[in-house]
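This report concerns only the one structure given below.
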């Protein structure tokens, strides 16, 4: 699972993380993995719901020192 | 283009005054299904904001261009953005709820229940976003607050407006669904904080025992607060009879439902207490007492001006939780119908005991979501 791109969305409040992620994933090819860093707690459930509705897969998520990390594979 | 905003106070007035209110909730669907704005003539529908980024077609069939619509999200950021998208698409009467559901969860709407015979008044504070009810008694320059919520400044401002000093803070039980403001209010006002002894065994701070036989007098010597031991939601749960007319039932008896016995112990252990309180102790009280609970669960329980109350005798006719004659059946009904437990309930209990001390932001997060203190038969 190697990310082809990392998106820093730390410090951004809803809705900006999803807006940026959506834009970033549009530039990737199907099967590519995008790594995302965020600090907005709300991003967690929104990201999972957004990925599902967009046909992408949330491969993994972690939380360390208040930074949430996500890996999403483009569908 | 900036979208017009509506405050939680303005929205609360629309809800309790039963005005037609259309809400577009743009949080993700799981959060919406878990907890949403309800009450009065509110019509609410859900479309997550991330489905609207490329176009708003999916909401167009539910919305007329000139219709008033209030957009709501978790904290107020996404609703602002969706509001702008709607305006760009030609919608002319769009509002964004300031502070989102987080702020909605914290709004308290005061409504006057009655003037008291002994002089003074009784108010109910309705927390529309969470279904919590707290009470404010004022008499002769003094006030008591019962089952106070965390947002202490709301009660303090109210006391100031009424020209009274808060003296007594009473919690009918150790709360598991919200952080009590009782301790903080008592500290600020140098007042007395009362807790039932059986709920306070692990409490780390000074307090006074709330006990049957030890009445509390608010201001005027004729306004009496009479504790009645009524276990079942917690071991210590204590009801209060105010001015010989009003029965504050805490989380034992609601208008359409009854308390749940499992948030601080085991349902099987406490269901017997609940039965005893509802089917014996309360039955010995006057049928004419007006029940004022610490929660409501259904929007339809909100009466005129948002008030939640009912005559005790009427509840013995109508409340389904009070109609089960067979004890075994009652046990089964209660233990089989337990809803999911409230968000962070164990941590909330420990905060209310003074054992942990989360910061303000975490306290706010812990309380997000519905209260779920009732069992619906």
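Quick rundown of the values:
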| quantity | calculated |
| --- | --- |
| Average beta carbon contacts from partner chains per residue of A:10-20, 10 Å cutoff | 4 |
| Share of pairwise Cα separations in the protein assembly as shown, more than 37 Å, in percent | 32 |
| Span per principal axis, largest first, for the Cα atoms of region B:219-377 (Å) | 46, 44, 29 |
| Counting DSSP beta bridges with both ends in chain B, the antiparallel % (nearest 5) | 55 |
| On Cα atoms only, tilt of A:43-54 relative to the major axis of chain A in degrees | 20 |
| Average Cα contact separation per residue, chain B, under 8 Å, 6 or more apart, as relative contact order % | 14 |
| Antiparallel %, DSSP beta bridges [both residues in region A:3-73], to 5 | 70 |
| GNM result for chain B, Cα springs below 10 Å: residue of B:146, B:56, B:252 fluctuating most strongly | B:56 |
| Chain B: most fluctuating residue of B:314, B:66, B:199 per GNM, C-alpha cutoff 10 Å | B:66 |
| Centroid-to-centroid separation of region B:306-335 and region A:51-65 [C-alpha atoms, Å] | 45 |
| Cα-based helix-to-principal-axis angle, B:77-88 vs chain B, degrees rounded to 10 | 40 |
| Crossing angle, helix B:267-276 versus chain B [Cα axis fit, 0-90 degrees, rounded to tens] | 60 |
| Shape category assigned to region B:42-160 from the gyration tensor of Cα positions, a/c cut at 1.5 | prolate |
| Alpha-carbon Rg with Dmax, taken over chain A, Å | 10.9, 31 |
| Shielding score for A:35-47, defined as the mean number of other chain Cβ atoms within 10 Å | 3 |
| Among B:57, B:109, B:268, residue whose mean-square fluctuation peaks in a GNM of chain B (springs only between Cα atoms under 10 Å) | B:57 |
| Anisotropy class of region B:264-341 from Cα gyration tensor, a/c 1.5 cut | oblate |
| Alpha-carbon spread of chain B, three principal axes, descending order, Å | 65, 50, 40 |
| Fraction of beta bridges assigned by DSSP in the protein assembly as shown that are antiparallel (%, nearest 5) | 55 |
| Protection proxy ranking, peptides B:213-219, B:288-294, average beta carbon neighbours within 10 Å, highest first | B:288-294, B:213-219 |
| Cβ neighbours within 10 Å from other chains - mean over B:42-50 | 3 |
| Ranked by how many other beta carbons lie within 10 Å on average, peptides B:151-157, B:161-167 from highest | B:151-157, B:161-167 |
| Percent of Cα pairs exceeding the 17 Å cut-off, where the set is region B:4-104 | 45 |
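A short reminder: the numbers here are calculations on the coordinates, not readings from a lab. Everything quoted here is computed from the prediction, not taken from an experiment. Here the Cβ is made from the backbone with ideal geometry for all residues, glycine too, and neighbour counts use every protein chain on show.
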